[in-house]
Structures are given as structure tokens and as C-alpha cells.
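Chemist: Take a look at this one; I'll ask things after.
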DNA sequence: CTGTTAGCGCATTCAG
DNA sequence: CTGAATGCGCTAACAG
């Protein structure tokens, strides 16, 4: 690769002039300008990004740590994020991490000046507080100012409203294992139920169980009646449906399964009703946050999805 | 962030000593060594990756340009690649590109010293020759030395063999639109057919058609008989099946659809017979190539998949 | 308008 | 064993 020195020599000017032409570009005699441009062209010169970063103290790299267990979910986010980032001329440094320690390691390794900021996506487990410029997307619980999250309360409300309109008033909920997400979901669920005059039955709510199959078994073992089942996402929905059928419970006839997050499904892929979030919208907000252009409103609301 | 200077000052030694301790680490008095280590610890010092890159002329970043149209396919590759790369302490810079110009742009933007090498994955379209250190994975056609590709001839052979064992001897093929991939596939197809004493009927082979639906319509319009259909990948298979059913042709009873690349499907997802490739194996080879440890054998063979 | 100088943070000489 | 000096490629401040 040719350097700025080569260009300067060929163009018979100083490095500074070359730099000016290729960056600031104002206040340069047209002749020199042309000479530089021509020299750069013939040498196929590209300013070295690393050297640039060293001076500017910014790499234009954003680290993205994908913590989603189910890869199919991450891919949509990745695409949306990459699109937003490249629109802002930022690069996306990718890392997968399937549990908290792995996320920590990834954060460590990316915190050596290589990235301007970090993004953690879809961590469904508890994360220790991360001091750096880390933004959380769709994670279980995170400081509000540094994260963009789904409005889970709104989602649960919508779901209950939808189900009760479909005459499914005995609604079970397999909630997130914990965190703010679980709290908000439960709140939305209770609130909407109250509005619908549906009596609250604690047995219908399973919490603190990270294994969905076990959660469902608990529910069935309790012999509480339910004609609808709220689960946190599509993969949980799939598992639930399989298990329900194993129990000879027909879906959706006997039990309607409703996914509280169906954003990552392909269009027309499934007939499971769900709340869908705009990945593009989420990515846009996240990138805005990362770039320090807070739009002060990091809660995203989803729309009802059902074919 | 603290710099090497801060550490040197705190440890009462020179920058050079600090550097020695934290890198080469030999030929340093134990006392200084401890002092440096302690200082680095209290300052939470991490050598700046950018400054390091500037001197070492290597960034440890590998650019990955995902050219797969169907995102579901890219995600498996991404995960496999990231795993291999991080094992080699390399970073993965992600970029999506859906057509040739976009790939070109991505290559341009990543060729400014930020990446040590580039990887293009799954380009199903013609690519102009790329001069840089670009390695191609699963692309339509690329110089053999710079690419890891599926052994398509072997795949087609295997498919034809499998189908004829299942008494499906009238095998149609919707081939790749062009490139070496198409050539090899056709060759494998013909060779196996010959071995099985299946007469070759050019009408059964559709080539040069990038739109799978149109390709299939061509085939059907020609009224040639076929009891099996070879397509290049799972998404094509899905489209084909839908269309066949629109034509009242039952799958797999009347026509068995066989996917020549089913690597990116989830286990047990589909009952379509296919050739599957080990993404991990492909990623391993690709990373070896990128790191200059050629293993001299960049062809990957797939295994028969059918439940 | 332009060249010289300094410095980003680090590793690597080369002397002591 | 260790410190001072040099340079990686570039930009910015400062003189001319």
C-alpha cells in the first residue's frame, strides 16, 4: 500500500497539502489540488484508516455482541444494525456470546480502543453492570438510559386484549425468568386482565423458570384451566406447541399460543399470533443512542401480528 | 483511557520497560516487572489496539462480506466464521451486500488498512476479479486458490445416485444461473446419469435462469416428464414445492424435490432430501486460507441429508 | 496558499 | 537489564 509520503513525493508537494486535499480540501491552489488528485489516483492511494484513527481517537467501529441463544433471532438484528451503521459510515464488529461470562469476555476484548462503542443484543440472562459505553438492545434488564427495549407492558396488554376479544379469557403466562422484562410483562398482563374483569389467578403465571418445557409442565401439572398461553418469543412458542400436542392438547383449538415477540419470524411463516417489533426501528434507535444522539425515548412498541 | 505513559510514570520505569513486560516480557528485573504489573492493574490499563496496529501493520480484523440474498443462510456461516476467527484471536468486521456493486463498494471501504483480509460469502452473482487478499466462500465462481467451495460435482452425483435408487430416474435440474458452480453441477449430473444408464435429455436441464419460478415454469411448459427435481438450495426448493403444488403436482409423491445445498437448515426442519455441508468445516478452511495456512485442499464435500 | 513541526500510543532499535 | 530515540501514517497548529 502506498502512503501519504508517496503521494506527496509524486505530486511534488508536502504531506500536509495532500492531507488537506483529501480531507479538509479547502484553501489549496487548484494546480496542487490536481497534482495531488492525479498522484493519488495513479498510486491508488487510500488514507490508512488505522493511522487516521490514532490521530482522531475514533475508529468508526461499533462492536456488536450477539447474545441471542437462537441464532435465527440474531440475524434480523444484525442486518438491521449493519444497515443503520453503514448509513452512518460506521463499521460493525461482530461477536457472539451465549452466556454472561462470554459477554463479559467479549466486552473486555473489544474495550482496547478498537471500538468506539459497544452494543449487546438480546441477552436473556442477568448481566453485571458494564461501565463502558455499552448500549443494550432487547436485553432482560439494563439501565434505561443505555438501552433500547421493547415495551413489554404494552405488549402483554395488547395480547390479553386480543385474546379476550377472541373469547379466550383463561390466559396463562410463561414469563421471562426475571429482570425488568418479567416485571413489566406481568404488570401489563394484570392490568389488562383487570380491565377485562378477568380474575387474577397466580397459578396461571409461571416465573423464574428458564427452561420453557419445565415451565409448561408446571402449568399443566397444576391442572389450572387455560385456553390461551402467552410466551415470550417464537422459539418458546414452538416448544410450547410441540409439548402441548404431546399432551394431546390441540393448538389453536383448545389453547391459543401467543408469542410476545415475533419480530424475527419470516413473513407468513407462522400462524401463531404475536406482537411484532420493527427491527429497523429498534436498530435506528440503538444506533442513535450509540452515536450519542439520544432521542430520549428508548421504548419501542410492537404491533399485533396475525394472519 | 490510560496510556503506556501513565503506567510508566506510576511504575517509575520507562515506556520501553512497560512495553517489554506487557508484550515480549523477557529480560526484565522481577522488581520492575511487578511494579509495572501492579501499575497496569490499578490503572486498568489496556494497550491501545490502534496504536499497536499502526506499528505492527496488522489489525487482526477480518472483513466478512455476506452476499447471501436469504439472510437465514448467512447466519449459520457468520456464527461458524466468528467462532473460528475468535479462536485465532481475530475480529470479524461484518458487512452485508446483496449484489455485485454492493460487494464492490464494501470491498473498497474495507480496503483502507482496517482489515488484514477479506472474505466474501455466498455471492450467487458474477463478481469482477478482486485484486486484494479476498477469499471467497461458497461463491458462484472464483479463482480456486482463493476460495473454499462445495464440491458440486460430487453433490450432483450423489443426488442422482440417491434418486435413482429411489426409482426416480427422470431427474430434472434447475441449475445455477452460471459460473463454475453450474458447470460442475451439470457435469456431476451427467456423469451419474451415464453411470445409471439414464439417457440425457437436455430439456430436463434449465440453466441461465436466475428466477427459479420462471425456470420451473419453463420446465413444466416443455412438458418433459420428470419424477424428481434437483435445485441448488433450500430456498429454491421451497419455491419449487410451492409452485409445483400450484400446478397440482404433489410433492414428494409425483415429484421428489432434492436440494443440492441444505446446510443452513435447522435440524429436522424439513423433509426435503438434500446435500448438507459442515459450516464449521467450511469456516475452518476459509479461516486457514485467510491466515495464509493453506491446507491446499479447498473443496468441501457434503453428506446426504434425509430424515 | 503551503511547508515544517509535533504528536496520537506503542514497539523496537540502539546505546548505555 | 533499562532508558532515550525513532518511526508507523496521518492530521493539526503554526509559521512563513
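The values are calculated or read from the model by the stated rules, or taken from the named source; none is laboratory data. Just so we're clear, the structure is a prediction, and the values are computed from it rather than from any experiment. Glycine gets a Cβ as well: all are built from the backbone with ideal geometry, and neighbour counts include every protein chain shown.
Chemist: Got a sec? Which of A:16, A:35, A:8, A:40 is in contact with a helix residue (DSSP H, G or I) (Cβ under 6 Å, 6 or more places away or on another chain), over 20 Å from residue B:53 (Cβ atoms) and either within 14 Å of chain B (Cβ to nearest Cβ) or near DNA strand D (Cβ under 7 Å from one of its atoms) (or both)?
Modeler: Just one listed residue meets the conditions, A:40.
Chemist: Going by the structure shown, is residue B:97 surrounded by 17 or more Cβ atoms within 10 Å (Cβ to Cβ) and away from DNA strand C (no atom under 16 Å from the Cβ)?
Modeler: When the stated conditions are applied, residue B:97 passes them.
Chemist: From (1) at the interface with chain A (Cβ under 9 Å from one of its Cβ atoms); (2) more than 16 Å from DNA strand D (Cβ to nearest atom), pick out the condition that doesn't hold for residue B:70.
Modeler: Of everything listed in (1) at the interface with chain A (Cβ under 9 Å from one of its Cβ atoms); (2) more than 16 Å from DNA strand D (Cβ to nearest atom), residue B:70 misses just condition (1).
Chemist: Provide a single number: the residues in segment B:123-135 that are touching a strand residue (DSSP E or B) at 6+ places or on another chain (Cβ under 8 Å), surrounded by fewer than 21 Cβ atoms within 10 Å (Cβ to Cβ) and touching a residue at least 40 places away in the same chain (Cβ under 8 Å).
Modeler: Residues that pass the stated criteria total 1.
Chemist: While we're here: Quick test of your reading of the structure: residue A:112 fulfils all but one of (1) within 27 Å of residue B:116 (Cβ to Cβ); (2) away from DNA strand D (no atom under 12 Å from the Cβ); (3) in contact (Cβ under 8 Å) with a residue 12 or more places away in the chain; (4) in contact with a helix residue (DSSP H, G or I) (Cβ under 6 Å, 6 or more places away or on another chain). Name the failing condition by number.
Modeler: (3)
Chemist: Looking only at segment B:15-32, filter to residues that are near DNA strand C (Cβ under 10 Å from one of its atoms) and buried (at least 16 other Cβ atoms within 10 Å of the Cβ); which one of those is nearest to the chain's Cα centre (by Cα)?
Modeler: Residue satisfying both the conditions and the ranking: B:22.
Chemist: Within 11 Å of DNA strand D (Cβ to nearest atom), outside any helix (DSSP H, G or I) and more than 7 Å from chain B (Cβ to nearest Cβ): does that describe residue A:27?
Modeler: Spelling it out, residue A:27 is indeed within 11 Å of DNA strand D (Cβ to nearest atom), outside any helix (DSSP H, G or I) and more than 7 Å from chain B (Cβ to nearest Cβ).
Chemist: Just a yes or no: is a residue in segment B:59-73 modelled with pLDDT of 95 or more, within 16 Å of DNA strand C (Cβ to nearest atom) and within 30 Å of residue A:77 (Cα to Cα)?
Modeler: There is at least one residue in segment B:59-73 that is modelled with pLDDT of 95 or more, within 16 Å of DNA strand C (Cβ to nearest atom) and within 30 Å of residue A:77 (Cα to Cα).
Chemist: Can we say residue A:80 is part of a helix (DSSP H, G or I) and either under 20 Å from residue B:64 (Cβ atoms) or facing another protein chain (nearest Cβ under 10 Å) (or both)?
Modeler: Taking the combined requirement at face value, the residue satisfies it.
Chemist: Same structure, new question: Determine the pairs where a residue that is under 13 Å from residue A:47 (Cα atoms), located within segment A:20-31, has a partner that is part of a loop (DSSP other than H, G, I, E, B) and more than 10 Å from DNA strand D (Cβ to nearest atom) with Cβ atoms under 8 Å apart, the partner being 6 or more residues away or on another chain.
Modeler: From segment A:20-31, the pairs are A:20/A:26; A:20/A:28; A:21/A:28.
Chemist: Suppose we filter segment A:45-67 for residues that are more than 12 Å from DNA strand D (Cβ to nearest atom) and either surrounded by fewer than 23 Cβ atoms within 10 Å (Cβ to Cβ) or part of a loop (DSSP other than H, G, I, E, B) (or both); how many remain?
Modeler: Adding up the residues that qualify gives 3.
Chemist: State all residues of segment B:83-93 that are crowded, with 21+ Cβ neighbours inside 10 Å, within 10 Å of chain A (Cβ to nearest Cβ) and farther than 15 Å from residue A:97 by Cβ; if no residue qualifies, say none.
Modeler: Within segment B:83-93, B:93 is the sole residue that qualifies.
Chemist: Select the strands (runs of 3 or more DSSP E) contained entirely in segment B:103-170, then report the ones holding at least 1 residues which are within 14 Å of another protein chain (Cβ to nearest Cβ).
Modeler: B:117-121
Chemist: Of all residues in segment B:88-109, which are touching a residue at least 40 places away in the same chain (Cβ under 8 Å) and out of contact with any strand residue (DSSP E or B) (no Cβ under 7 Å at 6 or more places or on another chain)?
Modeler: B:88
Chemist: Output the residue which, of all residues in segment B:47-67 that are touching a helix residue (DSSP H, G or I) at 6+ places or on another chain (Cβ under 7 Å) and more than 7 Å from chain A (Cβ to nearest Cβ), is farthest from residue A:48 (Cα to Cα).
Modeler: Step by step, filter segment B:47-67, then rank; the result is B:67.
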